[in-house]
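One structure is given here, and the rest of the page talks about it.
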């Protein structure tokens, strides 16, 4: 897909990949109660009801995922095995505990402890470097030595469907003066996130191998970004108000175990990372991703980007190892986001600043309008799907509409 050209209708079916090989977790409201659930096809199974019937441990009966996440990997595996056994034998308890999707309201699935956003796509980092440092090496000297990241704002992580208010802040005007007002360069970032389960002690780093036992599950992330606010503020300490106003996540938390069939080798890392970042390189994830953009005049979104997560340079386990190597602890509910997922072709970039090449090549939409950055009333939809001969695992979607 050439830069500046929308592809058309969605390729990823938002309801595909929710069979027994997935069983993503969620939190939902029904009949005045809030429960942890697991999605099976077009229904959600209430784990609270299965706890009350003695089928599952008490952590599954909580009003969010934090108690189950805190219980550790062995408990996660036991719960998943029990659910799979019940589904395979068509247990009547599963049928009794199931609700139609139309009957429930999906909520934020966990209490967020901390939030770290990484910058792990070599192509994305290279693209931005070429835009803003055209006469220098596009990658900064540290980029291939460590997973670059920053500490975000946990309190503004919101569930899919939440309206996104256009942020205001300081910006540098074209005449060189400093102004204030609503962002004129509001952007998205297509990312994959994961949530931590199991606390660690402060002062005790988590190795690449140990990190696997702390990743409870994965979900889609839209890291909304006000590029004009960010550009003025980010030197010398990095993003602040340009990022902290909102981060949207999808409601389905795909268990790490469900993604085992989609683990592939990461890109070759050269130079070789330092010892604490070394592993077997098997934490690439073959997940198709797409970005849809719909103006207020459209009924369905145009697909403006299609990409895949498998080309990310730094893996989740390397991110965790680096994040804790100084002795920082992990807490149940910590959210980590991958950074923008961009491929090598213009139609595979994961942000509007790349797709429009910093606003110089507007994106043509099917309603005959163009976009460089988001306008009020625009809706962004991110979707994800992992599929091969062995399994199909859906991530659903994360959406958000821009309001003034």
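The values are calculated or read from the model by the stated rules, or taken from the named source; none is laboratory data. Please read these numbers as outputs of a predicted model, since none were measured by experiment. Every residue, glycine as well, gets a Cβ built from its backbone with ideal geometry; the counts of neighbours run over all protein chains shown.
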The lone condition residue 377 fails out of (1) more than 23 Å from residue 231 (Cβ to Cβ); (2) surrounded by 20 or more Cβ atoms within 10 Å (Cβ to Cβ) is (2)
Checking 9, 81 in turn, the sole residue that is exposed (fewer than 15 other Cβ atoms within 10 Å of the Cβ) and in contact (Cβ under 8 Å) with a residue 60 or more places away in the chain turns out to be 9
Reported set for the range 18-32 where residues are in contact with a helix residue (DSSP H, G or I) (Cβ under 7 Å, 6 or more places away or on another chain) and farther than 15 Å from residue 395 by Cα is 30
**Request:** State yes or no: is residue 103 more than 29 Å from residue 214 (Cβ to Cβ) and either buried (at least 22 other Cβ atoms within 10 Å of the Cβ) or modelled with pLDDT of 95 or more (or both)?
**Result:** yes
Flagged in the range 255-275 as more than 25 Å from residue 197 (Cα to Cα) and out of contact with any strand residue (DSSP E or B) (no Cβ under 8 Å at 6 or more places or on another chain), in numbering order, are 268, 269, 270, 271, 272, 273, 274
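Here is a yes/no grid of residues against (1) outside the structural domain of residue 330 (by TED's automatic domain parsing); (2) without any contact (Cβ under 8 Å) to a residue 60 or more places away in the chain; (3) assigned to a loop (DSSP other than H, G, I, E, B):
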position	(1), (2), (3)
155	no, yes, no
171	no, no, no
184	no, no, yes
190	no, no, no
195	no, no, no
206	no, no, yes
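Conditions (1) more than 18 Å from residue 25 (Cβ to Cβ); (2) surrounded by fewer than 18 Cβ atoms within 10 Å (Cβ to Cβ); (3) touching a residue at least 12 places away in the same chain (Cβ under 8 Å), marked per residue:
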residue: 249; (1), (2), (3): no, no, yes
residue: 258; (1), (2), (3): no, no, yes
residue: 265; (1), (2), (3): yes, yes, yes
residue: 276; (1), (2), (3): yes, yes, yes
residue: 287; (1), (2), (3): no, no, yes
residue: 292; (1), (2), (3): yes, no, yes
residue: 296; (1), (2), (3): yes, yes, yes
residue: 299; (1), (2), (3): yes, yes, no
